[in-house]
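Working notes, structure below.
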Amino acid sequence: MVTVLIIEDNKQNMYMLAYLLESCRYKIIKAYNGEEGLKLANENHPDIILMDIQLPDMDGYEICISLRKSGIPKNTTIIAVSSYVMDADKEKAIEVGVDAYIEKPINPDTFIEEMQDIYKVKNQN
């Protein structure tokens, strides 16, 4: 079973992501801030991390840098799920180790497929 860590401070967004993933039989771990997300990532080594960029305690860029420097497996797929849609934001995310970027608001009909495609590409290498 694929494990997904969701790092998201907005309860409605967390609910939607968790609902979509659980309905497709993913194992879900929830973190509502960056510090909790880092701790859970290092304890559980999820296959996929879905991460908001704008969080209350640290931004997604800082989290990604910390994750990539920590002991998580190199093939962990990190996906930024954010309303920051400027090209510079996407470029910065990729520079710090994010594998892909999915824009909010997400499309519930296509989100799982988008995430799975990113995961497959990451794990072919």
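The values are calculated or read from the model by the stated rules, or taken from the named source; none is laboratory data. Since we're looking at a predicted model, the values are computed, not measured. Cβ atoms come from the backbone with ideal geometry, glycine included; neighbour counts cover every protein chain shown. The area values use the complete protein model at the heavy-atom level, side chains included, leaving out ligands, DNA and RNA. Shrake-Rupley method; radii C 1.70, N 1.55, O 1.52, S 1.80 Å.
Can you figure out the FRET efficiency of GLN54 with TYR19, using R₀ = 22 Å and their beta-carbon distance, to the nearest 0.05?
FRET efficiency, GLN54 to TYR19: 0.50.
Can you bin segment 33-89 into rounded, prolate or oblate? Criterion: square roots of the alpha carbon gyration tensor eigenvalues sorted a ≥ b ≥ c, rounded for a/c under 1.5, prolate for a/b above b/c, oblate for the rest.
In terms of gyration-tensor shape, prolate.
On average, how much accessible surface per residue is there in segment 86-125, in Å², for a 1.4 Å probe, leaving out ligands, DNA and RNA?
Value for segment 86-125: 66 Å² per residue.
I want to check the label-to-label distance for ILE102 and ASN10. Put each point 7 Å from Cα in the C-beta direction and report it in nm to one decimal.
Modelled inter-label distance: 1.4 nm.
Quantify, in whole percent, the carbon and sulfur part of the accessible surface of segment 47-86 (1.4 Å probe; protein heavy atoms only).
Ligands and nucleic acids excluded, carbon and sulfur give 56 percent.
When ligands, DNA and RNA are left out and all protein chains stay put, how many square angstrom of accessible area per residue does segment 1-57 have with a 1.4 Å probe?
So segment 1-57 comes to 53 Å² accessible per residue, rounded to a whole number.
What pairs from LYS92/LYS120; LYS39/LYS69; LYS27/LYS120 go past 20 Å between their alpha carbons?
In this structure, LYS92/LYS120 lie more than 20 Å apart at Cα.
Arranged from highest to lowest average of other beta-carbon atoms within 10 Å per residue, in what order do the peptides 72-83, 47-58, 113-124 appear?
Sorting 72-83, 47-58, 113-124 by mean packing, highest first, produces 47-58, 72-83, 113-124.
Please work out how much length the chain gains when fully extended from ILE94 to GLU35, using 0.36 nm per residue of separation minus the C-alpha to C-alpha distance, in nm with one decimal.
Separation in residues times 0.36 nm, less the Cα-Cα distance, equals 19.2 nm.
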